[in-house]
1. Would you kindly state how much longer the chain becomes between Phe34 and Arg3 on full extension, computed as 0.36 nm times their sequence separation minus their alpha carbon distance, in nm to one decimal?
2. Taking the simple approach of a point 7 Å from Cα along Cα-to-Cβ for both Leu46 and Arg26, what is their distance in nm?
Amino acid sequence: MRRTTAVLVWVLTLVTSAAAQEFPSRPVRLVVPFPPGGPLDISGRLIGKELQDRWGQPVIVENKPGSTLARSTS
C-alpha cells in the first residue's frame, strides 16, 4: 500500500511539473468571423490588445468572414 501511494505521488509530481509550462509560448491568433471594420472586428482588436498586454505575447487578429468556431462533420 505504501509503495503504491509513493508511486502515485511521484507520478502526480511529474504530471504537475509538465502542466506548469508557460502559456502562451508563441504568438496567438484570434480569429474574428466577420469582415474588418465592423463593431465585432473592433471588439476583437480591443480584446487582442488587452490579451497582448497581459500575456506579453503578440496577438494576431485575423478576419475570416463566414468562419465558425465549430466545424460540422457532415
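Bear in mind that the values in this text are calculations on the coordinates, not laboratory data. Values in this document were obtained by computation on a predicted structure and should not be read as measured data. Glycine also receives a Cβ, built like all others from the backbone with ideal geometry; neighbour counts cover every protein chain displayed.
1. Working: separation 31, 0.36 × 31 = 11.16 nm, distance 5.68 nm.
Extra length available between Phe34 and Arg3 comes to 5.5 nm.
2. 3.1 nm
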